[in-house]
Protein chains: 2
Amino acid sequence: MHWSRWGDPDHTTALPDGAHDLMALAFGEIRPRESVALDAVQLPTDEVPADARAALAAIVGPGHVSQADSDRIHHTRGKSTPDLLAARDGDFGDAPDLVVEPADGDEVVGVLRACAAHRVAVVPYGGGTSVVGGLVADRGDLTGIVSLDLRRLDRLVEVDEVSMTATLQAGLLGPQAEALLAEHGITLGHYPQSFEFASIGGFAATRSSGHSSSGYGRFDDMVIGLTVATAGGTWQVGRAPASAAGPDLRQLVLGSEGTFGVITDVTVMVRRIPTERVYETWRWASFADGATAMRTLVQDDLNPTVLRLSDETETAINLSDPSAIGISDAGGVQMVCGYEGTPARVARMRSEVTDVLTGLGGELAGAQGGEAWASGRFSAPYLRDALLDEGVLVETLETATSWSNLSALYDAVKSAIADAAGAQGVDPLVLCHISHVYRAGASLYFTVAVREADDGAAQWAPIKQAAGDAIRDAGGTITHHHAVGRDHKPWLADEIGAPGVAALRAVKQALDPEGILNPGVLIP
Amino acid sequence: MHWSRWGDPDHTTALPDGAHDLMALAFGEIRPRESVALDAVQLPTDEVPADARAALAAIVGPGHVSQADSDRIHHTRGKSTPDLLAARDGDFGDAPDLVVEPADGDEVVGVLRACAAHRVAVVPYGGGTSVVGGLVADRGDLTGIVSLDLRRLDRLVEVDEVSMTATLQAGLLGPQAEALLAEHGITLGHYPQSFEFASIGGFAATRSSGHSSSGYGRFDDMVIGLTVATAGGTWQVGRAPASAAGPDLRQLVLGSEGTFGVITDVTVMVRRIPTERVYETWRWASFADGATAMRTLVQDDLNPTVLRLSDETETAINLSDPSAIGISDAGGVQMVCGYEGTPARVARMRSEVTDVLTGLGGELAGAQGGEAWASGRFSAPYLRDALLDEGVLVETLETATSWSNLSALYDAVKSAIADAAGAQGVDPLVLCHISHVYRAGASLYFTVAVREADDGAAQWAPIKQAAGDAIRDAGGTITHHHAVGRDHKPWLADEIGAPGVAALRAVKQALDPEGILNPGVLIP
């Protein structure tokens, strides 16, 4: 991962001409934005006491405890736009003091015990792709901060081809996990936009949801069991696919964002690798019509593998195909509908879905748009860097609600963003899509672009605040799949209520009595 | 509900001739079993202090606080076989002191506050159908026990026909809820065997699963949100169909069995009432073949509404049709396969499923067995009373595991039951079926019958202990849908681990600091 940009450092994306022209049209002249050089970055002094460092080295081996500047820089924060802006500005005030790489779950338990004994904060680190401040710990009165990098937990532990489950270690990144599963002809089918760099443990800790969620489900829906390292020892959660043995404690670990323990492996449901994949696009007269079509499908148990609907603005600039962004005048909105499976299954599902969508007035627009979406779907984050280079601040935010409340929530969030940006004298571009559907409701994913002012972070903060308040007031969840981290904490207490906060704090106190695990993240 | 038997007091089921003959064959001569008369029952002295009674009467009205013998008797324990045996023997030592009937959620909060202030235990009471001791509180050093009967919380609060959700108050019994929903053309589709007498709140508090779980899902899967009364106030849990806003706290309330708070209403996903229902039976050469067929269906996303497979013994005595129990010599095993929905959907699903099952060697045996199952499916508990009347002790127990472990778990439980009964010199009849399937595994539901000895409860205890130990040792969950109550507590700590126990205790302490809510139930 690049230290101040998204993704592979060797992968550079120039802004496509269409996007360039669109930005010029929307925001006026280009203002190239500078970024400090890596060797100019100043780091705070490493504070971890020597005896704690020695204890950690004794557990994981001295070669796996690093205080090198490069390691500390690469483990600083995540990849939200404010994170990227801070990195570009050379602000590494949130750098961890040490990076520790345990080899397995037992070493993670050992690290947690040593850190508890020495009162050192521990930030579990998978792929470093958090966009909500999930990797920034409160130092408080602790003696330092360790970034616990799980990259050495990279094994496929077990495959059960009868039960169609696999146990994966938490440090495996998406592509590594898929490569190991592919040797058995199986797939997890979990493709969030962060897929190329995010980890299995992170998917679980943040309740990730991927592009194929209508077919494969959310990540939390796929989890059968978890192994969690705590300072008190190893915790095995989940004994059966379903149970009535009290509260489902898997669901307490999922979404816990490293605050209760460190997930070291995850047993997930898998599927046979699809032998056929078809992605096609449909046009609808309006976002509302497209949303009704999605609702009709899912409430009739027709679940294409991929379902994604862009609103009018997102359709007009063709965001679903980053290589071809520009201004389109086709009108209406675009839906991507993808089918994966055996040829027979794809044919059957496609035929059923096509009947319903045609009956609802949708117009099949062919395979080109769908294939373009499929091939470009991981490139949007690179595009964000290219836009930042040209002085355009781009950030995303997301929520979910019931179908009956979707339109009101959409309007409320768009208005709030426009008003907050307008109060700064800037005119934002606000795009939206629905990409995760349920029988009872759906997600809304907003992309916001504004001309960056002198202080982009200060500019974004009131827009984010207004959007979050609008989500709360309109009854949406503060996050559908990005997690809470530090950025969504201001809204969490309202969402889960005082008893919910009390429950989370009680569990935290029980499992992490020293308060070393990701302090400041998640728990209000 | 009858005070010492299952169900409607006016509904009496004589043992069908076939069952009678079978029992005579299996266990020898009939030995009619006595039951004390209702007016001979002795109750312990009502212990709740007068000031607590007055405080409760002030909240719910004096007409809704009862210490009448009949009310106390009817709210004693649940409907496990040991519960029925105790009632028949006139043992009402676990009777609550008072029965309190609040009108709404606010009154429930008031009752909890008053009981916390006066240190009175509260046992939430829905339909009284627990088969795991979920209604028996530890008196400990508390000043008395209140049975909190939720029958007045009987409203359909809201229907959202766009999002296809409904909010139901917790005290509604299954048929009441379905009648209210039917006025809107919708159904919950949740039909556990206790359906006729169990409550919405109980379904949620115990993670119930119904006969149609392959089509409609488990109850916990249907829940979008819950309102929970706690001594600290009202807790609203669940804001969206799916969220990444931390741990899923709905899943902490579901299965909490009244120990964290009292569920007062539940928002659930609903469906249009099916216009067509087809139930048919298939024959397989063996239980293993049938299980493989079920697994193939569910792993290929083919989910008939009902899927139920009897093992060889259950098939031989035709348990799936209680009116026709007897000895059959057809051989093999029977599967019930049910389809519900629109005629088009039923036709499509049935055609797809029939293709797969035929391809796997199943033999379609027609509609008769399926219809018989559907019409008789709520009568088995009545049959248990008829068997108890003839001196045959019948009880059930259930578990779930992965598909790859299913056969080993089945063998282990059957052997454990046979050995434990054999040690008492009795030869049990052990029947089993699979009635809840998942992509990764399935449930096993055992019915055990033995000739009742002088002390039926003492006779059952070691059999239950052996079965529970076998389930634990073979890797099953101690309960798939009956819940924990008091009866499964001995195995829970092993299943959820020390950190899991610590988490439950911490939440309990945070939400119920006085420890008045169902003390002795669930939490190890």
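Throughout, read-outs are computed from the coordinates displayed, never taken from laboratory work. Quantities reported herein were computed from a predicted structural model and do not represent experimental measurements. Here the Cβ is made from the backbone with ideal geometry for all residues, glycine too, and neighbour counts use every protein chain on show.
Considering only DSSP states other than H, G, I, E and B, which GluC sites (Glu not before Pro) in region A:1-78 qualify as loop sites with at most 10 other Cβ atoms within 10 Å?
Filter output for region A:1-78: A:E29, A:E34.
Can you list the residues, at least 5 places off or on another chain, whose amide H is less than 5 Å from the amide H of B:V122, using H built in the peptide plane?
When sequence neighbours closer than 5 places are left aside, the close amide H contacts are B:V146, B:L517, B:N518.
Note the full-extension length gain between A:A458 and A:R348 as 0.36 nm times their separation in residues minus their Cα-Cα distance, in nm to one decimal.
Answer, rounded to one decimal: 34.4 nm.
Summing -39500 (n - 2.57) over the DSSP H runs of n ≥ 4 in the protein assembly as shown and dividing by its residue number, what mean residue ellipticity at 222 nm do you reach, to the nearest 500 deg cm²/dmol?
-11000 deg cm²/dmol
Estimate the FRET efficiency between A:T358 and B:Q509 by the formula 1/(1 + (r/R0)^6), using the beta-carbon distance for r and 60 Å for R0, to the nearest 0.05.
0.55
With charges set only on the Cβ (+1 for Lys and Arg, -1 for Asp and Glu), what does the dipole of region B:368-409 come to about its Cα centre, in debye to the nearest 20?
Here region B:368-409 has a charge dipole of around 180 debye.
What is the Cα centroid distance between region B:30-48 and region B:394-424, reported in whole angstrom?
33 Å
Could you work out the Rg to Rh ratio of region A:276-376, with Rh taken as the Kirkwood radius (inverse of the mean 1/r over all Cα pairs)?
Values: Rg = 12.9 Å, Rh = 13.5 Å.
Result: Rg/Rh = 0.96.
Per 10 Å bin from zero, what fraction in whole % of the C-alpha pairs of region B:350-400 is there, up to the bin with the longest pair?
19, 28, 31, 18, 5
Hey, if you drop one equal point scatterer on each alpha-carbon of chain B and run the Debye formula without solvent, what base-10 log of I(q)/I(0) do you get at q = 0.08, 0.09, 0.13 Å⁻¹?
Treating every Cα as an identical point scatterer, log10 I(q)/I(0) equals -0.50, -0.64, -1.38.
Averaged over its residues, how many other protein chain Cβ atoms are within 10 Å of peptide B:211-223's Cβ atoms?
1
Please provide three numbers in whole Å: the alpha-carbon extents of region B:233-311 along the principal axes, with the largest listed first.
56, 31, 26
Using alpha carbons only, how many angstrom separate the centre of region A:294-314 from the centre of region A:150-174?
31 Å
Please list the equivalent ellipsoid semi-axes of region B:129-211, computed as the square roots of five times the alpha-carbon gyration tensor eigenvalues, in descending order and whole angstrom.
Whole-Å semi-axes of the equivalent ellipsoid: 28, 14, 10.
Based on the Cα coordinates of region A:45-149, what is the per residue volume of their convex hull in Å³?
Each residue corresponds to 92 Å³ of Cα convex hull volume.
What value does region B:156-272 have for Rg/Rh, both radii from Cα atoms and Rh as Kirkwood defines it?
Over the Cα atoms of region B:156-272, Rg/Rh equals 0.94.
Taking 35 Å as R0, compute the FRET efficiency from the Cβ-Cβ separation of B:D473 and B:L38 and round it to 0.05. Walk me through the intermediate numbers first.
Working: r = 42 Å, r/R0 = 1.21.
It comes out at approximately 0.25.
Can you pull the Kirkwood radius for region A:390-499, inverse mean 1/r over Cα pairs, to one decimal in Å?
With all distinct Cα pairs of region A:390-499 included, I get 14.2 Å.
Which of the peptides A:113-121, A:459-467 is most tightly packed, and how do the rest follow, judged by the mean count of other Cβ atoms within 10 Å per residue?
With the highest mean Cβ count within 10 Å placed first, the list reads A:113-121, A:459-467.
With no solvent and one point per C-alpha, what does the Debye sum give as log10 I(q)/I(0) for the protein assembly as shown at q = 0.05, 0.06, 0.08 Å⁻¹?
Relative scattering, expressed as log10 I(q)/I(0), comes to -0.32, -0.46, -0.82.
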